[in-house]
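*Asks:* This is the structure I have questions about; it appears just below.
The values are calculated or read from the model by the stated rules, or taken from the named source; none is laboratory data. These figures come from a predicted structure and were not determined experimentally. Cβ: placed from backbone, ideal geometry, glycine included. Neighbour counts: every protein chain shown.
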């Protein structure tokens with residue numbers, strides 16, 4: 001199921017606010033990653049935005065551990081030398097999945113062997129927001145959500 005939420009509605013305002021919160025949380029994480037001069041970073045697990053669960057470097061820094069089952073993703077070990085950095089990481093803002101789910105009225109659910117934690121959301125245009133819900137999910141759209149076709153969703157999501 002694909003939906004469009006138009007600017008000017010109450011739902012758009014709430015979704016726009018959480019979008020701003022997400023961008024700010026990711027910016028804070030990105031700033032810390034930049035300070036560490038890492039190649040890239042991965043946000044915390046099971047959050048909509050923010051936090052850091054892994055940093056990507058060419059080589060493993062001293063007193064860091066390998067994470068993400070890859071050769072170039074690392075996280076600081078818990079030790080005296082990393083206390084300040086671990087403190088900074090723990091204070092990074094995050095946006096919880098439940099914050100979005102509460103706004104759109106989505107409940108996490110299993111279908112087959114897949115678990116759907118939340119809806120897909122695209123802040124691709126200042127005049128509308130797009131929502132994507134897996135077809136098998138039990139979901140009742142909010143009042144301000146306009147159901148659209150897959151082809152329209154695809155077209156709008158490119159803008």
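*Asks:* Quick check: is even one residue across the stretch 23-35 touching a helix residue (DSSP H, G or I) at 6+ places or on another chain (Cβ under 9 Å) and in contact (Cβ under 8 Å) with a residue 40 or more places away in the chain?
*Replies:* Yes, the stretch 23-35 contains at least one residue that is touching a helix residue (DSSP H, G or I) at 6+ places or on another chain (Cβ under 9 Å) and in contact (Cβ under 8 Å) with a residue 40 or more places away in the chain.
*Asks:* Within the stretch 73-92, how many residues turn out to be assigned to a loop (DSSP other than H, G, I, E, B), within 20 Å of the chain's Cα centre (by Cα) and more than 12 Å from residue 33 (Cβ to Cβ)?
*Replies:* Residues that pass the stated criteria total 1.
*Asks:* For the stretch 133-143, state whether one or more residues are in contact with a strand residue (DSSP E or B) (Cβ under 8 Å, 6 or more places away or on another chain) and outside any loop (DSSP other than H, G, I, E, B).
*Replies:* No: zero hits.
*Asks:* Sticking with this structure for a sec: Of the conditions (1) closer than 30 Å to residue 14 by Cβ; (2) modelled with pLDDT of 95 or more; (3) touching a strand residue (DSSP E or B) at 6+ places or on another chain (Cβ under 6 Å), residue 105 satisfies every one except a single condition; which number is it?
*Replies:* (3)
*Asks:* Out of everything in the stretch 143-159 that is surrounded by fewer than 11 Cβ atoms within 10 Å (Cβ to Cβ) and in contact (Cβ under 8 Å) with a residue 60 or more places away in the chain, what residue ends up being nearest to residue 13 (Cα to Cα)?
*Replies:* The residue in question is 143.
*Asks:* Look through the stretch 44-68, keep the residues that are assigned to a loop (DSSP other than H, G, I, E, B) and touching a residue at least 24 places away in the same chain (Cβ under 8 Å), and return whichever of them is farthest from residue 100 (Cα to Cα).
*Replies:* Among those residues, the one meeting the criterion is 68.
Conditions (1) surrounded by fewer than 19 Cβ atoms within 10 Å (Cβ to Cβ); (2) in contact with a strand residue (DSSP E or B) (Cβ under 8 Å, 6 or more places away or on another chain); (3) closer than 27 Å to residue 122 by Cα, marked per residue:
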| position | (1), (2), (3) |
| --- | --- |
| 31 | yes, no, yes |
| 39 | yes, yes, yes |
| 46 | yes, no, yes |
| 52 | no, yes, yes |
| 55 | no, yes, yes |
| 63 | yes, yes, no |
| 66 | yes, yes, no |
| 71 | yes, no, no |
| 83 | yes, no, no |
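*Asks:* What pairs come out if I take residues in the stretch 81-106 that are assigned by TED's automatic domain parsing to the domain that holds residue 32 and over 18 Å from residue 20 (Cβ atoms) and pair them with residues that are in a helix (DSSP H, G or I) and modelled with pLDDT under 95 whose C-beta lies under 6 Å away, six or more apart or interchain?
*Replies:* Between residues of the stretch 81-106 that are assigned by TED's automatic domain parsing to the domain that holds residue 32 and over 18 Å from residue 20 (Cβ atoms) and residues that are in a helix (DSSP H, G or I) and modelled with pLDDT under 95, there is no close pair.
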